[in-house]
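Engineer: Just dropping this structure here.
Only the coordinates and a few stated rules stand behind these numbers; no lab work does. What you see is a predicted model; the values in this text were computed from it and never measured. Every residue, glycine among them, receives a Cβ derived from its backbone with ideal geometry; neighbour counts consider all protein chains shown.
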Amino acid sequence: MRALWTAASGMKAQQLNIDTISNNLANVNTTGYKKQRTEFKDLFYEKLRTSDMAQGQGKPVNLEVGHGVMPIATHRSFSRGNLEQTNNNLDLAIDGDGFFTVRDTNDNLFYTKDGSFKLSVEDGEAKLATSDGFFLQAEGSDIELGENVKEINVSANGTITVKRTGEEEAEEMGQLTLTTFVNPAGLEAKGGNLYVQTSASGEGIEAEEGEAGEIKQGFLETSNVQIVEEMVKMITAQRAYEINSKSIQTADQMLEQANNLRR
């Protein structure tokens, strides 16, 4: 019976749906996390009878039966999360569509919404970096802050100024590079709050001042996961999984009755 395999495909699809929802809930407190949703499509149809219209006579519709469902994509929503004030000068949030650009030790570029940066000091020279040691980029290079850094300020347009110990005047050190994408949903998530560009996302575009949003110093962008919304989705997926299992049980009972027929 087709119902056995059709319902089985529905159960597999809902398992992946629950996996996606669980990952969203697990990252509800992850800085800059963007929620995902699973998308599905129906499978091919077996035509038991085709439409046959000639001179206004015949059957105007098909007789066909589907063969289930399959997941086709996990779409990531880049809607903005809430901005949470931390009063830490090294915490930055983007009030807009832009991404921070960071570089690893192999000169690979990554993009992130996580603005919880740290001071990385080597031989007295300070740089801004992520918790994993990826260096924040400004105008195509690492942000080198120099020695004896006492205070760091970042303006709304991304200009970085530094005050040093024993000095009153602030020194301008560069401007943050914010990057936008034509299709951010096409970015590939690498874990660690990092993304890389793909052919689907298009190449990163270094935004002009104000185009990618404003920098908010002393703030972090929280996850855009809505717990109540995810819980409703989880209940819906659970019920869909349950009703598909009922379809398998029903088909099995029908086969059992057919198998027990007597003359």
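Engineer: What longest region of the chain stays clear of GluC sites (Glu not before Pro) that DSSP places outside H, G, I, E and B and that have at most 15 other Cβ atoms within 10 Å?
Structural biologist: Of all site-free stretches, the longest is 1-138.
Engineer: Determine the sum of side-chain charges near Glu151: Lys and Arg each +1, Asp and Glu each -1, restricted to other residues whose C-beta is under 15 angstrom from that of Glu151.
Structural biologist: Within the 15 Å Cβ shell, the charges total -4.
Engineer: Rounded to the nearest 0.05, what FRET efficiency do Glu203 and Asn260 give with R0 = 45 Å and r taken as the Cβ-Cβ distance? Could you check?
Structural biologist: About 0.10, to the nearest 0.05.
Engineer: Moving to a separate point now. On alpha-carbon atoms, Rg over Rh for segment 83-221 using Kirkwood Rh?
Structural biologist: 0.96
Engineer: Would you mind checking the radius of gyration and Dmax of segment 92-168 based on alpha-carbon positions, in Å?
Structural biologist: Just the Cα atoms of segment 92-168 yield Rg and Dmax of 12.7, 38 Å.
Engineer: Taking Cα atoms, how many degrees apart are the long axis of helix 2-26 and the longest axis of the chain, rounded to 10 and kept between 0 and 90?
Structural biologist: Once rounded, the angle reads 20 degrees.
Engineer: In the set [x] 68, 52, 28; [y] 103, 46, 33; [z] 46, 38, 34, which value of Cα extents along the principal axes in Å was calculated from the structure you see?
Structural biologist: Here Cα extents along the principal axes in Å agrees with entry [y].
Engineer: If you fit an axis through the alpha-carbon atoms of helix 227-259 and take the longest principal axis of the Cα set of the chain, what angle between them do you get, 0 to 90°, nearest 10?
Structural biologist: On a 0 to 90 degree scale, this one is about 20.
Engineer: Sequence gap at least 6, Cα distance under 8 Å: using those rules, report the relative contact order of segment 83-221 to the nearest whole percent.
Structural biologist: RCO, segment 83-221: 33 percent.
Engineer: Please report how far the C-alpha centroid of segment 201-263 lies from that of segment 127-195, rounded to the nearest whole angstrom.
Structural biologist: 35 Å
Engineer: Normalising by the residue count of the chain, find the relative contact order in percent from Cα pairs under 8 Å and 6+ residues apart.
Structural biologist: Rounded, it is 26 percent for the chain.
Engineer: For Val196 and Glu242, what is the calculated FRET efficiency with R₀ set at 30 Å and r taken between the beta-carbons, to the nearest 0.05?
Structural biologist: The formula returns an efficiency of 0.20 here.
Engineer: In addition: So which of Lys113/Lys150; Lys59/Lys233; Lys34/Lys163; Lys35/Lys150 end up more than 30 Å apart by C-alpha?
Structural biologist: Lys59/Lys233; Lys34/Lys163; Lys35/Lys150
Engineer: Set the Förster radius R0 to 35 Å, insert the Cβ-Cβ distance between Asp97 and Glu151 as r into 1/(1 + (r/R0)^6), and round the FRET efficiency to 0.05.
Structural biologist: E between Asp97 and Glu151, to the nearest 0.05, is 0.75.
Engineer: Tell me what the chain gives for mean residue ellipticity at 222 nm when only DSSP H runs of n ≥ 4 count, each as -39,500 (n - 2.57), the sum divided by the residue total, rounded to 500 deg cm²/dmol.
Structural biologist: Mean residue ellipticity, 222 nm, calculated: -8000 deg cm²/dmol.
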